Amino acid sequence: MKILVPVKRVVDTNVKIRVKADGTGVDLANVKMSMNPFDEIAVEEALRLKEAGKATEVVVVSIGTDKSAETLRTGLAMGADRAILVKTDIANIEPLAVAKLLKAVIAAEEPGLVILGKQAIDDDSNQTGQMLAALLGWPQATFASKVVLGDGDVDVTREVDGGLETLRLKLPAIVTTDLRLNEPRYASLPNIMKAKKKPLDETSPETLGVDASPRLTVLKTVEPTGRTAGVKLGSVDELVAKLKQAGVL
Ligand code: AMP
């Protein structure tokens, strides 16, 4: 069984974000980019399923510019077998467009399982997996903290408020990853070298017959307001008085 893992190129988690002067978005000039962390977890899970003999092939797919090929190479260096780049110059490709493109890729690839990140840390949409499941009419389990692949189905444990929920989904299915599912491996140097020789196919929204043009306009992006400095108090009585004044006590 083939597992498809969509991976997005996003700003690296260690980068201090700067908003563009005109407020239209985040300044990406000379900024380190990496694979979306939830997608690293998705690749790791797919690789573990393959290593356990439950999957035969792991294919990573990314939708973005030429540079998304770097993200795909990271997936290949982690251990994925093949990569597909859906090349587009649209800078902020929206979740619905991504879901439609993935649906077209899935029609050709016919995976038994698709594992996505629960959200991309740049747009924080948390929409693509859900939209993809709806477009395909496939069962979905979001925010997975455990995945057990059976014969023709998959059991997914999800962290819900105050406990855990386990769902059984018939394959083919969509799963999205939560932070505690696993700890992704680092790609070793030999594997990074090997990844250069692994197949990376290219296609485009036009070839897939999908209109990926944006439907949303970002009106404003603002940085969070800085925290105001605290006050040092001289005594416990003063603290109690202040808390009373603030209506806390
Ligand atoms: P989002 O709905 O934008 O928060 O993204 C959720 C997940 O969808 C991500 O963790 C990826 O697995 C997948 N995804 C979103 N955008 C892309 C993209 N441009 N290319 C590949 N996968 C994507």
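Which percent of the accessible heavy-atom area of the chain goes to carbon and sulfur, probe 1.4 angstrom? The value for the chain is 52 percent carbon and sulfur by accessible area. A 1.4 Å probe run over the stretch 2-245, with the rest of the protein chains in place, finds 57 Å² accessible per residue.
For Ala55, the residues whose modelled amide H falls within less than 5 Å of its own, excluding neighbours fewer than 5 places apart on the same chain, are Lys50. For the residues Ser235, Ser188, Ser145, a GNM of the chain with alpha-carbon springs under 10 Å puts the largest fluctuation on Ser235. Over the residues of the chain, the helix contribution to mean residue ellipticity at 222 nm works out to -8500 deg cm²/dmol, using -39500 (n - 2.57) for each DSSP H run of at least 4. Each residue of the chain gets 193 Å³ once the volume of the Cα convex hull is shared out per residue. Cross-link reach is defined here as a Cα-Cα straight distance under 16 Å, omitting same-chain residues fewer than 8 places apart; for Lys16 the aspartates and glutamates meeting it are Asp27, Asp122, Asp123, Glu223. Take every pair of alpha-carbon atoms less than 8 Å apart whose residues are at least six positions apart; their mean separation over the length of the stretch 2-245 yields a relative contact order of 24 percent.
Sites listed here are trypsin sites (Lys or Arg not before Pro) in the stretch 59-135 whose DSSP assignment is loop and whose Cβ has at most 15 other Cβ atoms within 10 Å: Lys67. Taken as entire DSSP H runs, the helices of the chain that both span 15 Å or more between Cα atoms along their own long axis and average 1.0 or more on the Kyte-Doolittle scale are 95-109. When both the stretch 116-134 and the stretch 1-55 are represented by their alpha-carbon centers, they are found 12 Å apart. For the residue pairs Lys54/Lys170; Lys2/Lys170; Lys118/Lys194; Lys67/Lys197, alpha carbon separations beyond 20 Å are given by Lys118/Lys194. Phi angles across the stretch 113-127 convert, under the Karplus curve 6.51 cos²θ - 1.76 cosθ + 1.60 with θ = phi - 60°, into 3J(HN,Hα) values of 8, 10, 10, 10, x, 6, 7, 8, 6, 8, 9, 6, 6, 6, 10 Hz, Gly and Pro given as x.
Largest GNM mean-square fluctuation among Asp122, Asp211, Asp81, using the chain with Cα springs under 10 Å: Asp211.
The values are calculated or read from the model by the stated rules, or taken from the named source; none is laboratory data. As the structure is a prediction and not an experimental result, all values here were calculated from the model. Note that each Cβ is placed from the backbone with ideal geometry, even for glycine, and that neighbours are counted across all protein chains shown. For accessibility, only protein heavy atoms count, side chains too; no ligands or nucleic acids. Shrake-Rupley method; radii C 1.70, N 1.55, O 1.52, S 1.80 Å.
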